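K.L.:
Right, I'll just put the structure down here and ask away after.
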Amino acid sequence: LIAIGGGSVLDAAKLFAVMLTNDTPLRDLLGVDKVSHPGKPMVLIPTTSGTGSEVTPNAIVTLPDEELKIGVVSRHLLPTLVILDPLLTLSLPRSITAATGMDAFVHSLESFISTKANPISDAFALESMRLIAGSIVEAYQQPDSFRARGDMLLGSMYGGLALTAAGTAAVHAMAYPLGGKFHVTHGVANAMLLPHVMAFNLDSCADRLKRAACVCGVADLHDSDEVAAHKLIEQIRQWTATLNIPQDLREFGVAEEHLADMAVAASKVTRLMANNPKALSLTDIET
C-alpha cells in the first residue's frame, strides 16, 4: 500500500494494511497491542508536517457514537518505507501549515515532559522542537521556503519518534473530545490547549520546560527554571497568535454546559493522562 497525504490518510492506510491480514473487526483493535498479525507492506509519504504518523505505531479512529477519538496502537502499524519530500508540502494551505506544525510541536514538548520520557525520546524531542521553533513562522509566512518546509518535515518526523518512545499527555487527552464532539481540527485543539496545560504543569516540570525553552531559543541558561518556563509558554501564545489559530472554544460551538461531559471524556483517555507529570482532577480539566 502506498499512502500520500496528511495524518488521517496515513492512519487509514495503516489500518487498511492490518485489516487485510487480520480477521478482527476494527472496533476490537482499539487500544494497545490488539493487532495479532503484521499487515501488508506500506510506503508512507506525508504531505503535512504535523502528525508524524509515518513513523508511529498509532492510528487514530473517531467513534461518532461516543463523540471521541481513540487510538489503535500496534507495532504492526509501522511502515516498510517512509519518504519525506518537502516539495510535497509547498502548496499546503496556511491554516493547515499552522495547525499541523503546532501539532508536531505538541508531540515533542509533551513527550519531553512525559512521565515516560527517556534518553531516546529526549533526543528526538529536543531536535524536533529546535527545528520547529526555527521554521514554523517562516513556513507559514513564506510557504515556498524550501528550508523551512524541510525543517518542519524533519521536525514532524522526529516528533513522531519522540511520542512513540515516550507518549503524549494531557493536551492530547483533552483534545480528543474536542475533535470527536465538535470536530475541532486536531492540531488546532492541541494548540489551543497547550499554553494552559503547560501553565498547569509548570510547578511539576519547570526544569524540563526550561530545557525546551533554551533549545527553542527563547530563554538561556542564566534564567531560572520558572522564568524560562514562562518564556516558553509566552512564545507558544505568540505562535498561536501569529499563526491565526483560534483561542476561543466558543468559535467551535462549545458552551459552558459542554465542559463537564468533555472533562469526563478526556479523563477516560488514561493511556495519555497517565503520562502527564501532574495529575488532573475533573475540576482541573474543566478549568
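K.L.:
Do we have residue 208 as part of a helix (DSSP H, G or I), open to solvent by 10 Å² or more (accessible area, probe 1.4 Å) and in contact (Cβ under 8 Å) with a residue 24 or more places away in the chain here?
P.N.:
Yes: the conditions hold for residue 208.
K.L.:
Yes or no: residue 65 open to solvent by 20 Å² or more (accessible area, probe 1.4 Å), closer than 28 Å to residue 182 by Cα and assigned to a loop (DSSP other than H, G, I, E, B)?
P.N.:
Against the criterion (open to solvent by 20 Å² or more (accessible area, probe 1.4 Å), closer than 28 Å to residue 182 by Cα and assigned to a loop (DSSP other than H, G, I, E, B)), residue 65 qualifies.
K.L.:
On to the next question. Out of 87, 77, 15, which single residue is on the phi < 0 side of the Ramachandran plot, modelled with pLDDT of 95 or more and touching a Ser or Thr at 6+ places or on another chain (Cβ under 9 Å)?
P.N.:
On inspection, the qualifying residue turns out to be 77.
K.L.:
So the check is Cβ under 6 Å with 6+ separation or different chains; which pairs have a first residue in region 9-30 that's free of Cβ contacts under 8 Å to residues at least 40 places away in the same chain and a second one that's open to solvent by 70 Å² or more (accessible area, probe 1.4 Å)?
P.N.:
13/1; 20/40; 21/37; 22/36; 22/37
K.L.:
Considering only residues that are open to solvent by less than 10 Å² (accessible area, probe 1.4 Å), within 19 Å of residue 48 (Cβ to Cβ) and of a type in the set (Gly, Ala, Ser), which ones fall in region 114-166?
P.N.:
Matches in region 114-166: 128, 135, 139, 148, 155, 156, 159, 160, 162.
K.L.:
Within region 93-146, can you find the residues that are among the β-branched types (Val, Ile, Thr), farther than 25 Å from residue 246 by Cβ and part of a helix (DSSP H, G or I)?
P.N.:
120
K.L.:
Tally time: how many residues in region 91-113 are open to solvent by 10 Å² or more (accessible area, probe 1.4 Å) and small (Gly, Ala, Ser)?
P.N.:
Matching residues across region 91-113 total 2.
K.L.:
Kindly provide the set of residues from region 228-252 that are open to solvent by less than 60 Å² (accessible area, probe 1.4 Å), outside any helix (DSSP H, G or I) and at pLDDT 95 or above, ordered by number.
P.N.:
Answer for region 228-252, where residues must be open to solvent by less than 60 Å² (accessible area, probe 1.4 Å), outside any helix (DSSP H, G or I) and at pLDDT 95 or above: 243, 245.
K.L.:
Restricting attention to region 217-224, does a residue exist that is surrounded by fewer than 23 Cβ atoms within 10 Å (Cβ to Cβ), under 22 Å from residue 48 (Cβ atoms) and at pLDDT 95 or above?
P.N.:
No - not one qualifying residue is present in region 217-224.
K.L.:
Among the candidates 160, 217, single out the residue that is of a type outside the set (A, V, I, L, M, F, W, C) and closer than 22 Å to residue 8 by Cβ.
P.N.:
Of the residues listed, the single one that is of a type outside the set (A, V, I, L, M, F, W, C) and closer than 22 Å to residue 8 by Cβ is 160.
K.L.:
Quick one: which residue in 210, 181 is in contact with a strand residue (DSSP E or B) (Cβ under 9 Å, 6 or more places away or on another chain) and of a type in the set (D, E, K, R)?
P.N.:
After applying the criteria, what remains is 181.
K.L.:
Still on this structure: Taking into account only those residues within region 68-84 that are part of a loop (DSSP other than H, G, I, E, B) and touching a residue at least 60 places away in the same chain (Cβ under 8 Å), which is least open to solvent (accessible area, probe 1.4 Å)?
P.N.:
79
K.L.:
Further question on the same structure: Could you list all residues from region 271-286 that are free of Cβ contacts under 8 Å to residues at least 40 places away in the same chain and either open to solvent by less than 50 Å² (accessible area, probe 1.4 Å) or farther than 30 Å from residue 217 by Cα (or both)?
P.N.:
Of everything in region 271-286, those that are free of Cβ contacts under 8 Å to residues at least 40 places away in the same chain and either open to solvent by less than 50 Å² (accessible area, probe 1.4 Å) or farther than 30 Å from residue 217 by Cα (or both) turn out to be 281, 282, 283, 286.
K.L.:
Something else now. Would you mind stating whether residue 187 is assigned to a helix (DSSP H, G or I) and touching a residue at least 60 places away in the same chain (Cβ under 8 Å)?
P.N.:
When the stated conditions are applied, residue 187 passes them.
K.L.:
Moving on. Taking into account only those residues within region 183-205 that are open to solvent by 10 Å² or more (accessible area, probe 1.4 Å) and among the small types (Gly, Ala, Ser), which is nearest to residue 254 (Cα to Cα)?
P.N.:
Checked region 183-205; the qualifying residue nearest to residue 254 (Cα to Cα) is 199.
The values are calculated or read from the model by the stated rules, or taken from the named source; none is laboratory data. Nothing here was measured: the structure is a model prediction, and the numbers come from that model. Quick reminder, even Gly has a Cβ in these numbers, built from the backbone with ideal geometry, and neighbours come from all protein chains shown. We work out accessible area using only protein heavy atoms, side chains counted, and drop any ligands, DNA or RNA first. Shrake-Rupley method; radii C 1.70, N 1.55, O 1.52, S 1.80 Å.
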